[in-house]
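Report on the following structure.
Readers should treat all values here as calculations from the given coordinates under stated rules, not as data from a laboratory. Fair warning: this is a prediction, and the values are worked out from it, not measured in the lab. Every residue, glycine among them, receives a Cβ derived from its backbone with ideal geometry; neighbour counts consider all protein chains shown.
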Amino acid sequence: MKKLNILTQTAKNKLINKRSGESKFGQHIQLISDAFNIYEQLKDLDVQYVIFGIPESIGVIGNNGKPGTESAWEYALTTLLNTQKNKFNDGSKVAVLGHLDFSEEQAYIDTLNHNKLSDLKKVRATVANIDKEVSQLVHDIVKAGKKPIIIGGGHNNAYGNIKGTSLALNTSINAINFDAHTDFRAEEGRHSGNGFSYAFTEGFLDKYFIYGIHENYTSDNILTKMSKLKKQVQYNTFETIQIRQELKFKKECKRALEFISKKPFGIEIDCDAIEQIPSSAMTPSGFSVNKTRQFLHYFGSHNNAAYLHICEAAPKLGSKKTANQTAKLISYLITDFIRCHGN
């Protein structure tokens, strides 16, 4: 894959801060030798999980959002590699590929006037090209029998995750989305707000559950649309769980799992849903980090969990301190998912 910038042994070693008497997670991960024949390289590799990054904010810009999501991968990778290797964390069952490099596309998009309709169409056309790369890489990983862990980037990449997994398994899949927004907006050209809409319409996504949408930021049109699709699209709101406490967190997790777990499903974690995390739509009112980790452990422990996608984090939009905290959050979520099925 021309767009895959692989993590080399030399680059990896530069990121690891070695300390006497300690062994770091990054010292034990598996790498691939080149950016081509991904399936062939992975199918016989003794790993369960394959991590890669998508450092872009093009889909966010296409949704008239605030860029910054391109910064998450670099921060998260460094933090993850320097996590302790111990009886709880075994990096030997993990391959880190590197990242899909859309820096040229990002530079081009940055020259456009995003408020101009003709330029916005160019942004969205670029997102459609990114979709092809994401879906191909996810397809190769899943076909090789591994679970992808994808670090975004914008939530536009949910489309490629779902399509790639669906094509590899030769069946439509389900998805659980931990998000303040549905990302089920109109098919008006690809962007971060309609990845699930496109995947659903094109038949790659079957059942879709959105966990914790915010009542202030969900339009009547989308609520009406979802009400007509109750057999395939369900949701709850953050307010019913955390504010009015009409619903219980764990019971809603159980309801959502029963809805999606009959076939392979993707786990989507949008950092917009987590309180005070620098993101494209940072919220002062959201789920705590610990609740998010509990959510991920619950769904990740199911055998039909096919992939994990962590997206919309934008560390560079915060201070140096919050950027490092965001990187730690992503690292926690990655290792939580890996521990769901033991080391």
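Using only alpha carbon pairs under 8 Å that are at least six residues apart, calculate the relative contact order of the chain and give it in whole percent. Display every interim value, and only then the final one.
Details: 737 pairs, mean separation 68.0, N = 343.
Answer for the chain is 20 percent.
Taking other Cβ within 10 Å of each residue's Cβ, how do GLU246, GLU202 sort, fewest first? Spell out each step's value before the answer.
Values: GLU246 10, GLU202 14.
Least to most surrounded, the residues fall as GLU246, GLU202.
Straight-line reach from LYS230: taking Cα to Cα under 20 Å and skipping same-chain neighbours fewer than 8 places apart, the lysines in range are LYS207, LYS251, LYS254, LYS262, LYS263. By other beta-carbon atoms within 10 Å, ranking SER285, SER20 with the fewest at the front produces SER20, SER285. Distance from the C-alpha centroid of the stretch 1-78 to that of the stretch 272-343: 17 Å, rounded to the whole angstrom.
Distance between the pseudo-spin-label points of LYS254 and LYS43 (7 Å out from Cα toward the beta carbon): 4.2 nm.
Extension gain for the segment LYS132 to GLN294, taken as residue separation times 0.36 nm less the Cα-Cα distance, is 55.1 nm to one decimal.
For VAL96, VAL134, VAL233, which order do you get if you count the other beta carbons within 10 Å of each Cβ and list the fewest first? Numbers along the way, then the final one.
Details: VAL96 25, VAL134 29, VAL233 21.
Lowest count first: VAL233, VAL96, VAL134.
Panel note: the C-alpha atoms of the chain, placed on their principal axes, show extents of 56, 46, 44 Å (largest first).
Restricting the chymotrypsin sites (Phe, Trp or Tyr not before Pro) of the stretch 79-110 to loop positions (DSSP other than H, G, I, E, B) with no more than 16 neighbouring Cβ atoms within 10 Å leaves PHE88.
Could you pull out the trypsin sites (Lys or Arg not before Pro) across the stretch 1-91 that fall in loop regions by DSSP (anything but H, G, I, E, B) with no more than 11 other Cβ atoms inside 10 Å?
LYS2, LYS18, ARG19, LYS87
Of the chymotrypsin sites (Phe, Trp or Tyr not before Pro) in the stretch 1-60, which ones lie in a loop per DSSP and count no more than 13 other C-beta atoms within 10 Å?
Details: sites: PHE25, PHE36, TYR39, TYR49, PHE52; in loops: PHE36.
Listed in order of number, the matching sites are PHE36.
Rounded, prolate or oblate: which fits the stretch 232-343, taking a ≥ b ≥ c as square roots of the Cα gyration tensor eigenvalues, rounded meaning a/c under 1.5, else prolate when a/b beats b/c? Note, shape of the stretch 232-343 comes out oblate.
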